[in-house]
Structures are given as C-alpha cells and as structure tokens.
Amino acid sequence: MSTEVPSPPTWKALVDDKRARQQASIPADWLPLIEPHIPSPDTLDVSGIPDQCTELLSEQEREITNTIDVQVLLAKLASEEWSSVEVTTAFYKRAIIAQKLTNCLTEIFVERALARAAELDAYLKEKGKPMGPLHGLPMSLKDQICIKGLETTMGYVSWIGKYADRDAALVEVLYKCGAVPFVRTNVPQTLMWPESFNNVFGRTVNPYNRLLTCGGSSGGEGALVALRGSPLGVGSDIGGSVRIPSAFCGTYGLRPSYHRIPYEGAVNSMQGQDSVPSVFGPLANSVSGLKLFTQAVVASEPWRLDPLCVRKKWDQEAYELKEHGGGKEMCFAVLWDDGWVKPHPPIIRGLETVRKALQAKGHKVIDWVPLKHKEVVDTLGAIWAAGAVEDYSVTTQPTGEPVLATMAEDDDSVVESGFRPSNSETVSAYRLWQLHLKKRELRKEYLDHWEATAEKTGTGRPVDAIIAPVAAYAAPPHGKNRSAAYTTVWNGLDYTALVIPVSKVDETMDAKVPPHQFLSKEDEVNYHLYDPATFKNAPIAVQLVGRTLEEEGVIGMAEIVDSALKEAAP
C-alpha cells in the first residue's frame, strides 16, 4: 500500500504559521492588560491610548517612554538612575500596545533583548562606565536589517524560514555602541512603495488616523516611534522611505547620503542596483535622537565593516555650521512646489509656518526655483524599472506569492503606475548606462543651480538649506500615496535631508482652495484628492535639504529650525 506524499504548504499556510509564531512571541500575561484598551475600528486617533494602559505600564514606565529626548534617556541610563532592563521593558510593553493599535511589528524577541539589557547593566556596574555612546538604549530596526538567528522576511512569503547566520554591519555597530535591538518593524512587499502592506504581516496604519497610511517603506518604524514604542528606530530610504513615514506619522527622520551609514549584510530589493543606493537613517521624536545615532555610528569607523562605507568621521565644525555663518543670519529657500504637482493647503501652511518662524529669528528666506525635478525622478524610475520586474518575480517564485499591484484596501485589481514597472520597461545594459550618465549630468546641473544662488542670498554664499514638502499631501488614505516625487528627487541628487514635524491638519485652517491652473494631469488628480475631513488630524511636516554628505550641517540647521518652530508655537 503506497503512502501518499503530503503536498507542500501553500504560501497562505506559511503566513498562518508565521503569524501564529509572532503572536506567541508576545508575553501572554501582557495581552489581557492591553485588550480592554484597544478601541473599535471607528476610533481613528489612537495616539493617546498607550498612556491609558496603566495596568500594564507603571507610572515610571510611562515616564520612561514619554521621555522623547534621547540624550536625556542616555544620561539617565549612564547614571544608573534607570537600568537598561527597566527602560527596555518599558519600551517593550509600549511597543506591544503599538502593535495592537497599528500592526507595526514583525519580529518580537523579548527574552533575547532583556538578556542583552541585563548584560549592559552588569557591565556598567562592574566597569563604572557605559559600554558605548548608545549604552542601554532599546532600538527598533526595519525588517531588512539582519540579526543573527532571526528571520528577515522583508514582507516576502518566500523568505519565511530564512534565518540570518550573521549580523548586518549596522547591528554589529549598534552592539559595539551599547544599544539593545528589541523589535523589528513592518514594511511593504518589495520595499518599493511609500506605504506599508505585505502578504506576511498585513497593513500598518497611521496612529493619528487609522484610515490613513503610515507611509513607507519604513512604515512600521514611523508608527512605532510616533506611539513612543521605541525611542530610536532605523529605517531605509531609496526614494523617501525614511522621510515619508516620518512626515506622515509626525516624527523626525534623517536621510543620509549614500554610504555614510553601513548597509552591508542587510537584505534589500534590487540587490546590485548601485546607481541609486538605499541608505539607512534614524527616526526619533527629537532631533537629538538623529544626531546621537549618526554621531555614534560614524564614530565607530563603520568602513572597517562595510567596504562601501565612506571614511568620514563626525565633523564637529560642520555641525557647528562654520560653513554657514556659524548659524547666524542664514538664508533658507522654500520650495513651494516642484513645477509638477502643487501641494495641498496643509502643506503650504506648514511651509509658511517655517518661513515665518525663521524670519522671526533673523534669518532670510527666499523662494527656491526647482530645476528639472520631474526629469530627475523619471530618470530614477527608469533605472529601477530596468530590472525590478525580474527581481520581484525571482523572489516570489518559490512560493507563488502574488506580487502586489496596489496598496488599496478595496480594489486589488488596481495597478498604480510608478511603483510597479512593466516588463516593457526593461532596457539593455547600454541604455541603462545612459540613464546612469543622465543622472550624473543632472547632479552637476543642480549643483551649479545651487551655487548660483549666492547672487540672491545676501550672505556671500549660496542658500544654506532648502525647506521643502515631503509630499504634496499629508498622510493620504490607504492606496492613495501614488507619488514619492518630493522625496525621490533628493535621492537622485544624493542630498542629505531631515524631516521636521510642524503641525497637524486642521479642517478650518486648511480649507480647500479654488482650483488653480493645473501644472499637469497628476496635479489635477492631486487637487481633487484633497478634502480636509479626509485628512483629519494627519501630521504636517517639512524636510530640510542640505548638500551631499552634509549630515552634520543638516542636523545643526534642523536644530535651529526646530527651535524656531517651538518658540513660535502659540
């Protein structure tokens, strides 16, 4: 009698098993203390829910997780006022609450992280000094940064069951700096979306309005950090994937230049596409978090682990803005639109708020004239399209998982152009080289364009930084974030950019305005998308854009902008 060989599991069975294992990784005694506080789906703003979970979060744990200045947290850890075990436990509990509210997590490894925290506490007690500049600090990581012994699915069913045999270079650096990686966060399938949904873990939503997207592809990081479930997270950015979630979720976020932060050992889409590299960057609820992360990582000499990493230590003079008049009477330029799509009223109000705040502090603000933004964005899209279809197909083939065509909830048949290239866009190696050449030429043109502003600033030097929209809208409904042009342009030019929260959409102040003369078909579509009620409570943000490899200066200027905004706040 023959024995029937069981058929291999379908991709959906793999997903069911993975989700069950994720649920089992949450301490069982925490869940009954959280569930009574989880509201029905019609409660849109859940940003205040974590502080209501007093049965799970003690008064001290609420104080710890509401300490948004990372520098303050590190000082308390270094002085032993708070132990790493206490701080990690507090953020762990809050991260699980955030997970129940927004579905922001992928890998949850409580025991492992708490064991690491205990080791750091013992080290501090024995040695009398912190292990490194990030001593004892829990950190969340996007689900593409490999940690030895853990799965990294990056939203692909085909990668379920693939366990990393070593740490990514950035994880090695973070361990050396004394940090405590404690969760990983959700992404879109392929990463190449400005929203966050995949077949493995599902959709991450915006904590300020759950009908809206949290952004992507570092969407889980945006939602988690916004709910203060992590004091400092790491996302990646190839076309806006740190900045879009930061802006949509109301956090700070930094897009460094190519190869400033080590990337070696992480997984990614389109591996081998080196013309427009993805970069890792931090998200936090304070500029100090971005500064301390960047400072700690570059001080660790990451070029000893990643052969592509730039050999450039922290430049204190650049941070002190020695090339920008010492931070006094600077000249900023506002990009009101990119010549392609005009932003919605809340975004214009955000730009105006920043302009007024800077002028009140004695800085000059002029208009920025965009140069060939659409050409830059289209060139990058063509470079990615050259091999993307084959890349996605090869990756999903083992399980037969479908490649997603939309992030919308209601119509899976909708194909949203711009994020899903067709086979017809594949080009020869020679044509691809021409695209690389075009990108290089555009960078030179833009450099000259920026340098020429020295004639307009009155400071004797070019514009110090650009204040620009992060998108033409605040966080839109799921499936409606169909362009990343306002962020992608800076990836193509390789300019450092930092997101600064400004306000939130207000239905009265941000009323719809009459139609303007549309710049393009996309502009008309964008205009009709806007209804202030739809975008209710969505965060408003801007990005401060500096030059290539100007992380220190951009952080220094962001502190000035952030301080001016706080002083100007009513």
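Within region 509-528, the only residue that satisfies the criterion of being free of Cβ contacts under 8 Å to residues at least 60 places away in the same chain and aliphatic (A, V, I, L, M) is 525.
The test for being more than 18 Å from residue 191 (Cα to Cα) and hydroxyl-bearing (Ser, Thr, Tyr) holds for residue 252. Taking the criterion of being among the hydroxyl-bearing types (Ser, Thr, Tyr) and surrounded by fewer than 24 Cβ atoms within 10 Å (Cβ to Cβ), the only residue of region 189-208 that qualifies is 190. The residues listed here are 456, 439, 444; of these, the one that is of a type in the set (D, E, K, R), buried (at least 16 other Cβ atoms within 10 Å of the Cβ), modelled with pLDDT of 95 or more and assigned to a helix (DSSP H, G or I) is 439.
It is to be established whether one or more residues within region 143-158 are assigned by TED's automatic domain parsing to the domain that holds residue 230, closer than 28 Å to residue 211 by Cα, in contact (Cβ under 8 Å) with a residue 60 or more places away in the chain and not in a loop (DSSP other than H, G, I, E, B). Within region 143-158, one or more residues are assigned by TED's automatic domain parsing to the domain that holds residue 230, closer than 28 Å to residue 211 by Cα, in contact (Cβ under 8 Å) with a residue 60 or more places away in the chain and not in a loop (DSSP other than H, G, I, E, B). Regarding region 54-71, can at least one residue be identified that is free of Cβ contacts under 8 Å to residues at least 40 places away in the same chain and within 22 Å of residue 132 (Cα to Cα)? There is at least one residue in region 54-71 that is free of Cβ contacts under 8 Å to residues at least 40 places away in the same chain and within 22 Å of residue 132 (Cα to Cα).
Any residue in region 166-188 that is modelled with pLDDT of 95 or more, over 30 Å from residue 84 (Cβ atoms) and surrounded by fewer than 24 Cβ atoms within 10 Å (Cβ to Cβ)? Checked against the condition, which is being modelled with pLDDT of 95 or more, over 30 Å from residue 84 (Cβ atoms) and surrounded by fewer than 24 Cβ atoms within 10 Å (Cβ to Cβ), region 166-188 yields no hits at all.
If you go through region 300-350 and keep only what is aromatic (Phe, Trp, Tyr) and either surrounded by fewer than 16 Cβ atoms within 10 Å (Cβ to Cβ) or in a loop (DSSP other than H, G, I, E, B) (or both), you end up with 314, 336, 340. Take the conditions (1) surrounded by 14 or more Cβ atoms within 10 Å (Cβ to Cβ); (2) basic (Lys, Arg); (3) farther than 29 Å from residue 187 by Cβ; residue 127 misses just one of them, which is (1). I'd like the residue in region 71-101 that is in a loop (DSSP other than H, G, I, E, B) and hydroxyl-bearing (Ser, Thr, Tyr) and, out of all such residues, is nearest to the chain's Cα centre (by Cα). Across region 71-101, the extreme among qualifying residues is 83.
The values are calculated or read from the model by the stated rules, or taken from the named source; none is laboratory data. Just so you know, these numbers come straight off a predicted model, no measurement behind them. All Cβ positions, glycine included, derive from the backbone under ideal geometry; neighbour counts span all protein chains shown.
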